[in-house]
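The values are calculated or read from the model by the stated rules, or taken from the named source; none is laboratory data. As the structure is a computational prediction, the values presented were derived from the model and not from experiment. Neighbour counts run over all protein chains shown; Cβ positions are idealised from the backbone, glycine included. Accessible surface areas use protein heavy atoms only, side chains included; no ligands, DNA or RNA. Shrake-Rupley method; radii C 1.70, N 1.55, O 1.52, S 1.80 Å.
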Amino acid sequence: MLSVQGLQTEFLTPRGVIRAADGVDFDIQEGEVLGLVGESGCGKSVTALSIMYLIPTPPGRIASGAIWFRGINLLAGSENEATVHRGLGGKPKLVRNDSALRRHRARMAKVRGREVSMIFQEPMSSLNPVLPVGYQIAEVLIYQRRKMICDRLLARKAITDEDLELFKEAVTHPDAAQRERLLTDFCLQSALPVEKVAAIIDRSGLQMEERLARIRRLSERSRTRYAWFLRLARELDVLESEWMTREWRVLSGVASSEDDRRRLAAQAQFRSRQVLFKLVMSIPVLHRILMRPIEEEARRRVLEQLKNVRISEPHKVYNEYPHELSGGMQQRVMIAMALACDPALMIADEPTTSLDVTTQAQILTLVRDLRERIHSSILYITHDLAVIAELCDRVAVMYAGKIVEEAPVGDLFAHPLHPYTEGLLESIVSLDKEVPSDAPLPTIAGTVPDLLSPPSGCRFHPRCKYAFARCKTEEPRLLPQGDGRRVACFLYEEGGSRAAERSPGA
Amino acid sequence: MLPSDRQAHEILVGAVGLKKHFPVKGGVLRRTIAQVRAVDGVDLFVRRGETLALVGESGCGKTTLGRLLLRLIPPTSGEVLFNVPANLYASARDRWHRIAQDDGAMRSPKGPQGDGLDPYAITRLRTRAFKPLRRRMQPVFQDPFTSLDPRMLVKDILAEPILINNQMTRPEAMERVAQLLQEVGLRPDHLYRFPHEFSGGQRQRIAIARALAPEPEFLLLDEPTSALDVSVQAQILNLLKDIQRRQGLTYLLITHNLSVVRHMADRVAVMYLGRIVEEAPTRELFGSPLHPYTKALLSAVPVPDPKRRREKILLPGDVPSPVDPPTGCRFHTRCNAVMPHCGWSPRDAASAAAYLFDSSRNPHASTLPALSEVSMEGNRLRLLFGGSRPTEAQRQVVADLVRGRAAEAGGMAFQAIREVALAEGSIVLEFPPPLEPAWVEVAPGHSVACYLYPQPQA
């Protein structure tokens, strides 16, 4: 589904060019969880940001490579955005091609959050501190899922007896948290404003008949108005999606002549419709009145998402600000935001590193449960192999900007091939591993090399206990090692000392 | 200098009834409206030469306790003793608790008290008199990216604590600095660099060297490896163990990572919401944890083996706010082995009561008049019914509802209700007065505060 091929991302610094990702290759299948492990500074996060196209330019740029995502190349058309020129005294200088950059960013904006989404390490610093968290999630939906929202609003029916049964249960359920969940379900089904329904439910001392009557009246008052506007918004979204998809295909070089024609037609239609839309939106009063139902529907969706990530009182949390939530809750909100649009791929960049063990256990269980329910693939980035063992199907180990080993998770933990993986596994401090108290823990000697001047040959050779002459001069390639594994090490290549012992029987 | 300096006593650092409450200011006049009970009555001691690990979730007061022990912040009440004989520490602890029971609002005594503890209590010293002791207890902080001055060269960072304490002349200090660097596994050419030129692991080495510079006896390690990679973590732990063996240092290791504890510590103290809930030798704590919180913490550690899965005990929710901690046993709101006498209070039952006794919601309560208010007064929950005075028959209905709810799952708070009574035109549900579980020694050196284990007779 996602295939990253030869990705090279570099940063131009006053000290020279840093290749943070240097020819990264990996694939993710549909519905798979791939773990990406490595020490800090090995290029894990840069790889993730490159997929999202969030590399700050300057100083960074994606130098070469391809990221194939569901039949389109996410890097297509970005080649000329930033070029390296020789400046004064031969120093390299990054020159941006602003118009190309803007066009590519506009295209990426329709992929990011919608098809590929990301969870960051520090939830506190990636949520906006001055907006309620619920609104921040709703924004994603309003921007990326307008068609779905308008469809639901246009298809709205009068309130049914079935809905009213749900409402009755929402009033009488003994558990407060459960009542809150039923409220969310009821609002989503009946498309009524959450605040008003909540007020009717929370009011104590009202008899059931009175409550039902109020709900009926509310439902009559809030029938769909301005259907023309919803249809317009929906059509715009459809046209834009079509235009963007075809454009991606054209740029990726996989387009038929049909694609080219339809792209131009969609673009022209989109432009003509957009005039009216922009005109209406430019009047603040109209903007507020017309967008209100869309925002309400987005809000109902968000409450459902919050419920999915096991936030017990979604309705209350919706209006809270990030600083009012604990670290675990913030991370749940981030996950809800990432999942808001049912993305095909979710990138999680060390989502539990800043959390406690107990909260980490909660979040890991949540992610594992969500896996079954949603159909997204997950790229899980971490430096903690224990987390990988709990969650992932396959692991890619990264060292100094390169993938050095890739294997199914069971095989990797049972028989690590690359000396670096071996060292990583040995150095885990684990509860179950009995180490005599006076013996030192096994470690990997030395430190991560400076990427400004990486070691020649295999980048791990200065720290490797098996290194031999060839490692210093030649660079090993990532070669398949049978049963779905790949490793970049001369020990396993032709003439390597371990190639023989693995090849026939193993 | 303290007279105790001449002798090395068994207990290096001991805390007695230590409390730290931070005021929360609010309103127009910035008056104190609440207290954050960060550390709320902790007895703790570290023997000379051992490593004591302090474990707990974030927000439980571990770091505050560490700061109190170094006297980086003054305690609200309680005392910190330094280099004290074991029997004196035990008697000081017993006496403190006797006095504290008589006088609830106790403060730390200032100045000499003439009770035999004056030579040891560092909390009684004035700042100036305390200064010579500072070099004997040094901290290493969590984040090596923020705890080193970015504008100082490594040599200056390391020389500063030596020069400040007037231990050596500058040239001597420089020699010592070079030697220190070697001790923590860095090269002499690193002396003339700035902290930003180092990786996380190297920076933590510098922070350790800085702590070692004034030749301390006691090191406070506040999450020394949690900002580091797994592979670097092992290196730093090795280094710390190595230094301890060579120099006979005493460590207090604050961490939330239990696998680190297993390799480093001789004894472990588990902390929850400002109190120590369990304390045991490391082997025993990992072999047979007693407190449900310890069990949950242990089960939450991820297993680095895809073939095995440990049965996880997931704690519901987050750590409650230390501004208004739960009554009784503080862990009862999240405990999976909770019992009716764990300290339930009206707070735990209020939201359920608002449903249970509301005739418009609960069909079983249809004979009751409309519920107008549920209020909490001490350990009583008061139900007010709109307009009418409740009758004996209605009291009976409420009592039945309480009994019914107590039998259901999650009705533990209702099991704790002692009495349903009519009072002042309302129905009152009475809870037992909340008591904290006593600190019981179950095995030599293994103590726990939990109602699951036999309590001493009062």
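Taking the convex hull of the Cα atoms, report for chain B its projected area averaged over all directions, in nm².
Average of the hull's projected areas for chain B equals 28.2 nm².
Out of B:LEU297, B:PHE198, B:SER360, whose Cα points farthest toward the positive end of the dipole of chain B (charges: +1 Lys, Arg; -1 Asp, Glu; placed on Cβ)?
B:PHE198
Of the GluC sites (Glu not before Pro) in region A:69-159, which ones lie in a loop per DSSP and count no more than 16 other C-beta atoms within 10 Å?
Those that pass, being in a loop and sparsely packed, are A:GLU79.
Assuming a viscosity of 1.567 mPa s and a temperature of 4 °C, what translational diffusion coefficient in µm² per second does Stokes-Einstein assign to chain A, Rh being the Kirkwood radius over Cα pairs?
50
Would you tell me the accessible area of B:ASP324, worked out with a 1.4 angstrom probe on the heavy atoms of the protein chains, in Å² to the nearest 10?
That residue has around 90 Å² of solvent-accessible surface.
At 7 Å along the Cα-to-beta-carbon direction for both A:ARG373 and A:GLU162, put a label point, then send me their distance in nm to one decimal.
With each label point 7 Å from Cα toward Cβ, the separation is 2.1 nm.
Whats the longest run of chain B with zero trypsin sites (Lys or Arg not before Pro) that are DSSP loop and have at most 13 other Cβ atoms within 10 Å?
That gives B:152-306 as the longest site-free run.
With every protein chain kept in the model, how would you rank B:TRP96, A:TRP228, A:TRP68 by accessible area, 1.4 Å probe, largest at the top?
A:TRP228, A:TRP68, B:TRP96
Placing unit charges on C-beta atoms (Lys and Arg positive, Asp and Glu negative, everything else neutral), compute the dipole magnitude of region A:198-280 about its Cα centre in debye, rounded to 20.
Using Cβ point charges on Lys, Arg, Asp and Glu, region A:198-280 gives about 400 debye.
What FRET efficiency, computed as 1/(1 + (r/R0)^6) with R0 = 25 Å and r the Cβ-Cβ distance, is obtained for B:ASP266 and B:ILE73, rounded to the nearest 0.05?
0.40
Provide the percentage of antiparallel DSSP beta bridges, counting only those with both residues in the protein assembly as shown; round to the nearest 5.
The answer is about 70 percent antiparallel.
Probe radius 1.4 Å, ligands and nucleic acids left out: can you give me the accessible area buried at the A-B interface, summed over both chains, in Å² to the nearest hundred?
Summing both sides, the interface buries roughly 4500 Å².
I need to check one value: relative contact order of region B:147-213, counting alpha carbon pairs closer than 8 Å and at least 6 residues apart, in percent.
That works out to 47 percent.
Run through region A:39-148 and list the trypsin sites (Lys or Arg not before Pro) located in a DSSP loop whose Cβ has at most 16 other Cβ atoms within 10 Å.
Answer in residue order: A:ARG70.
Placing +1 at every Lys and Arg Cβ and -1 at every Asp and Glu Cβ, with all other atoms neutral, what dipole size does chain A have around its Cα centre, in debye to the nearest 20?
It comes to approximately 2520 debye.
Can you give me the C-alpha center-to-center distance between region A:281-296 and region B:302-378, rounded to a whole angstrom?
42
Loop-only GluC sites (Glu not before Pro) in region A:380-458, please: DSSP not H, G, I, E or B, and at most 10 other Cβ atoms within 10 Å.
Sparse-neighbourhood loop GluC sites (Glu not before Pro): A:GLU434.
Evaluate the relative contact order of chain B (contact order divided by residue number), counting alpha-carbon pairs under 8 angstrom at least 6 apart; express in whole percent.
14
As an exercise, find the ratio Rg/Rh for the protein assembly as shown from alpha-carbon atoms, using the Kirkwood inverse-distance average for Rh.
That ratio equals 1.00.
Per 5 Å bin, what percent of the C-alpha pairs of region B:346-430 does each bin hold, from zero upward?
3, 16, 30, 30, 17, 4, 0
How do A:PHE186, B:PHE145, B:PHE286 stack up against each other in accessible area, from largest to smallest, with a 1.4 angstrom probe?
B:PHE145, B:PHE286, A:PHE186
B:TYR192: accessible area at probe 1.4 Å, nearest 10 Å²?
150
Based solely on its DSSP helices, what 222 nm [θ] is calculated for chain B when runs of n ≥ 4 H residues each add -39,500 (n - 2.57) and the sum is averaged over all residues, nearest 500 deg cm²/dmol?
My calculation for chain B gives -9500 deg cm²/dmol from helical runs alone.
Using the Cα centre of region A:258-409 as the reference point, and only Cβ charges (+1 on K/R, -1 on D/E), how large is the resulting charge dipole? Debye, rounded to the nearest 20.
For this selection, approximately 960 debye.
Using θ = phi - 60° and the Karplus relation 6.51 cos²θ - 1.76 cosθ + 1.60, list the HN-Hα couplings for region B:272-278 in order, rounded to whole Hz, with x at every Gly or Pro.
9, 6, x, 10, 7, 9, 8
Based on DSSP, what percent of beta bridges with both residues in chain A are antiparallel, to the nearest 5?
65
Could you work out the relative contact order of region B:327-458? I mean the mean sequence separation of Cα pairs under 8 Å and 6+ apart, divided by the number of residues, in percent.
25
For region B:147-213, compute Rh as the Kirkwood radius over C-alpha pairs and then the Stokes-Einstein diffusion coefficient at 20 °C and 1.002 mPa s; write the answer in µm²/s, rounded to an integer.
185
Helix-only mean residue ellipticity at 222 nm, chain A, DSSP H runs n ≥ 4 weighted -39,500 (n - 2.57), per residue, nearest 500. What is it?
-14500 deg cm²/dmol
Please determine, in degrees from 0 to 90 and to the nearest 10, the orientation of helix A:133-144 with respect to the longest principal axis defined by the Cα atoms of chain A, where the helix direction is its Cα long axis.
90
Pop out the carbon and sulfur fraction of the accessible area of region B:346-430 as a percent, whole number, probe 1.4 Å.
For region B:346-430, the apolar C and S fraction of the accessible surface comes to 51 percent.
Provide the percentage of antiparallel DSSP beta bridges, counting only those with both residues in chain B; round to the nearest 5.
For chain B, the DSSP antiparallel bridge percentage is about 70.
For the protein assembly as shown, what is the accessible area per residue in Å² when the probe is 1.4 Å?
44
Does anyone have the angle between helix B:346-356 and the longest principal axis of chain B? Alpha-carbon axes, 0 to 90°, nearest 10?
40
Enter the angle in degrees (range 0 to 90, nearest 10) between the Cα long axis of helix A:208-221 and the first principal axis of the Cα atoms of chain A, meaning the one along which they spread out most.
Compared with the principal axis, the helix lies near 80 degrees.
Of all the Cα-Cα pairs you can form in region B:44-113, what percent are over 14 Å apart?
69
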